[in-house]
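The values are calculated or read from the model by the stated rules, or taken from the named source; none is laboratory data. As the structure is a prediction and not an experimental result, all values here were calculated from the model. Heads up, the Cβs are rebuilt from the backbone with ideal geometry, glycines too, and the neighbour counts pull from every protein chain shown.
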Amino acid sequence: MAIKRPLNNSILLSPQNTGGEKTTAVQGEVLHMEKNANQLISGISAVFPAYNDGGTIPSMVLTALMALRQVTDNYEVIVTNDGSSDYTREILDELASRYPELHVIHHAQNQGYGGALRSGFSAATKEWIFYTDGDAQYNPLELVNLTAALHDGIDVVNGYKIVRHDPLIRKIIGRLYHHMMRIAFGFKLRDVDCDFRLIRRSIFDQIELESRSGSICLEMVKKFQDKGFVFAEVPVHHYHRSYGRSQFFNFKRIWRTFVQVSTLWWELVVRKSHKTARADQALKT
């Protein structure tokens with residue numbers, strides 16, 4: 001992959017030997033939040049998966065509304081309550097009664113991170129989908145930095161963590177996971193595990209997501225990349241978790257994730273089932 005340095009000091013990543021399909025990443029810069037009519041985009045659906053996030057989801061919804069008003073006049077917020085056992089349901093219902101832009105999806109039973117995301121994506125109606133987690137480890141106000149990176153031809157704006165604010169063991173496991181996934185799946189992005197993204201909704205007319213767990217992020221980026229969609233990358237801040245606890249970092253879930261990632265690797269890298277399915281569909285049409 002060749003690296004070119006344009007005059008604005010951004011880094012443009014030009015792929016080589018990618019089978020004729022183009023994947024480009026552009027490194028953006030953190031910008032101050034200010035409303036500029038020239039930067040307004042047609043519409044955004046902000047999607048949050050939430051599981052036992054009653055202590056953080058109100059601030060996430062409110063700051064998302066603040067950020068959305070900076071960049072578009074056409075927006076909605078969609079929160080999927082994935083079978084929470086705390087007071088997330090009651091909080092969301094109260095918020096929805098006060099903010100008509102908020103749409104809440106309640107799963108009667110936990111369907112996993114991937115299941116919650118897929119429900120939110122399916123309910124989205126605007127041209128662009130922004131998503132991040134409901135645990136407040138990212139700041140929705142930085143959505144304006146993602147929209148500022150939208151140039152002609154950009155399909156996905158992917159955040160990358162400036163500094164990861166997690167306990168040491170999570171940092172170590174996260175770093176190992178990051179490098180292993182880059183090698184195993186051939187990722188071009190610098191932070192595939194950063195759940196702070198802005199995605200053109202029409203992508204999901206061409207890409208079908210199947211994962212129900214946290215491996216959906218790997219599936220999503222791999223399928224986007226292999227299809228040739230164009231990425232931009234923007235630095236974002238990452239914060240300590242202030243409420244609840246991670247659903248990933250325990251040994252049982254790590255083992256389960258290993259099995260799921262191995263299955264995903266076999267399907268997408270070895271069998272290339274997503275490319276085969278696409279070719280079969282093209283033949284039928």
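Just checking, does the range 119-134 include any residue being modelled with pLDDT of 95 or more, farther than 23 Å from V156 by Cβ and crowded, with 20+ Cβ neighbours inside 10 Å?
No, the range 119-134 has no match at all.
Working only within the range 71-106, note down all residues that are among the charged types (D, E, K, R), under 13 Å from N52 (Cβ atoms) and in contact with a strand residue (DSSP E or B) (Cβ under 9 Å, 6 or more places away or on another chain).
Of everything in the range 71-106, those that are among the charged types (D, E, K, R), under 13 Å from N52 (Cβ atoms) and in contact with a strand residue (DSSP E or B) (Cβ under 9 Å, 6 or more places away or on another chain) turn out to be D82, R89.
State the number of residues belonging to the range 122-179 that are among the β-branched types (V, I, T) and more than 30 Å from I105 (Cα to Cα).
Qualifying residue count, the range 122-179: 5.
For residues in the range 187-212 being surrounded by 13 or more Cβ atoms within 10 Å (Cβ to Cβ) and more than 24 Å from G134 (Cβ to Cβ), which is modelled with the lowest pLDDT?
That would be K188.
Taking the range 151-175 as the region of interest, how many residues are hydrophobic (A, V, I, L, M, F, W, C) and farther than 22 Å from K223 by Cα?
Of the residues in the range 151-175, 6 are hydrophobic (A, V, I, L, M, F, W, C) and farther than 22 Å from K223 by Cα.
Go through the range 56-88 and report how many residues are assigned to a loop (DSSP other than H, G, I, E, B) and surrounded by fewer than 18 Cβ atoms within 10 Å (Cβ to Cβ).
5
Give the residues of the range 135-170 that are closer than 19 Å to T63 by Cα and surrounded by fewer than 16 Cβ atoms within 10 Å (Cβ to Cβ), sorted by residue number.
Of everything in the range 135-170, just one residue is closer than 19 Å to T63 by Cα and surrounded by fewer than 16 Cβ atoms within 10 Å (Cβ to Cβ), namely L141.
Take the residues in the range 203-234 that are of a type in the set (D, E) and out of contact with any helix residue (DSSP H, G or I) (no Cβ under 9 Å at 6 or more places or on another chain), then tell me which one is farthest from V192 (Cα to Cα).
D205
Counting only residues that are in contact (Cβ under 8 Å) with a residue 40 or more places away in the chain and under 25 Å from R69 (Cβ atoms), which one in the range 89-115 is surrounded by the most Cβ atoms within 10 Å (Cβ to Cβ)?
Across the range 89-115, the extreme among qualifying residues is L92.
What are the pairs, 6+ residues apart or on separate chains, where a residue within the range 138-150 that is within 17 Å of R241 (Cα to Cα) and free of Cβ contacts under 8 Å to residues at least 40 places away in the same chain has its Cβ under 9 Å from a residue that is polar (S, T, N, Q) and part of a helix (DSSP H, G or I)?
Filtered contacts from the range 138-150: no entries.
Out of the range 158-186, which residues are more than 22 Å from L264 (Cβ to Cβ), touching a residue at least 60 places away in the same chain (Cβ under 8 Å) and not in a strand (DSSP E or B)?
I162, V163, R164, H165, D166, I169
How many residues does the range 259-275 contain that are hydrophobic (A, V, I, L, M, F, W, C), surrounded by fewer than 13 Cβ atoms within 10 Å (Cβ to Cβ) and closer than 14 Å to L218 by Cα?
Residues of the range 259-275 hydrophobic (A, V, I, L, M, F, W, C): 259, 261, 264-266, 268-270.
Filter once more, so that each one left must be surrounded by fewer than 13 Cβ atoms within 10 Å (Cβ to Cβ): 259, 266, 270.
This time we only want the ones that are closer than 14 Å to L218 by Cα, so: 259, 266.
Of the residues in the range 259-275, 2 are hydrophobic (A, V, I, L, M, F, W, C), surrounded by fewer than 13 Cβ atoms within 10 Å (Cβ to Cβ) and closer than 14 Å to L218 by Cα.
Can you pull out every residue in the range 120-157 that is over 16 Å from V234 (Cα atoms), among the aliphatic types (A, V, I, L, M) and in a loop (DSSP other than H, G, I, E, B)?
A124, A136
Anything in the range 221-230 that is surrounded by fewer than 22 Cβ atoms within 10 Å (Cβ to Cβ) and not basic (K, R)? List them, or say none.
D226, G228, V230
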